[in-house]
Amino acid sequence: MNNHQRSYPLLSACGLNCGLCPRFHTNGDSKCPGCGGEGFFTKRPPCAVTSCNRRRSIEYCYQCDEYPCKRYVGTGTRDSFITHRNRLKDFEKIKINGLEAYQSELNQKVEILCHLLENYNDGRRKNFYCIAVNLLELEDIKEVMANLCTGDPRGYPSMTIKEKSQIAVNLFQAIADKRNIILKLNK
């Protein structure tokens, strides 16, 4: 059981988007390979959800006849180091559009997040970008990125990383406000 590797570790068995987690984008010992990714079970404690899924011969909770079970009561009211708010909504997207379509969307979000971390992170924005990309719809994220890529008359290349970061944060915050989405973890 503990050596089981999942075919797509960027989406956890319980519906968390591991590829959008700050721990997935960390270097060093605390880096997480995603749910069931290579070395996951040597770095993380045993997971009751993964164990349950293995017993039922399913890969994701939404495939279970008992989904949503008691583990999902209160989903989104409290977060860990990653937001839990969209788990039910994301599983619903998968049921409607299919797992491949959702994986494609998540891959695009991960790619955008990597770009943000590489080009717009002043060293203090990783959690913010992880939350924003996780909670906002892909179309909204693409809109922010288009605004960032078209630049500003002053020219982004001449701006400091701190200035570029602040512009990106302001754009994400504006679209989140428009959608009534709070870009903070629920503690």
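The values are calculated or read from the model by the stated rules, or taken from the named source; none is laboratory data. Being a predicted model, the structure only gives us computed values, none of them experimental. Using ideal geometry, Cβ is built from the backbone for each residue, glycine included, and neighbour counts are taken over all protein chains shown.
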* To do: Among the numbered conditions (1) of a type outside the set (Asp, Glu); (2) over 19 Å from the mean Cα position of the chain (by Cα); (3) not in a helix (DSSP H, G or I), tell me where ALA146 comes up short.
  => (3)
* To do: Would you please name the residue that is surrounded by the fewest Cβ atoms within 10 Å (Cβ to Cβ), looking only at residues in the stretch 51-86 that are touching a Pro at 6+ places or on another chain (Cβ under 8 Å) and at pLDDT below 90?
  => PHE81
* Structure fact -> Conditions (1) in contact with a Ser or Thr (Cβ under 7 Å, 6 or more places away or on another chain); (2) in contact (Cβ under 8 Å) with a residue 40 or more places away in the chain -> ARG85 fails only (1)
* Across the stretch 67-113, what is the number of residues that are β-branched (Val, Ile, Thr), within 22 Å of ARG23 (Cβ to Cβ) and not in a loop (DSSP other than H, G, I, E, B)? -> 2
* When both residues are 6+ apart or on different chains and their Cβ atoms are under 8 Å apart, which pairs have a first residue that lies in the stretch 98-112 and is closer than 13 Å to GLU137 by Cβ, and a second that is outside any helix (DSSP H, G or I)? -> TYR102/LEU11; LEU106/LEU10; LEU106/LEU11; LEU106/ASN17; LYS109/ASN17
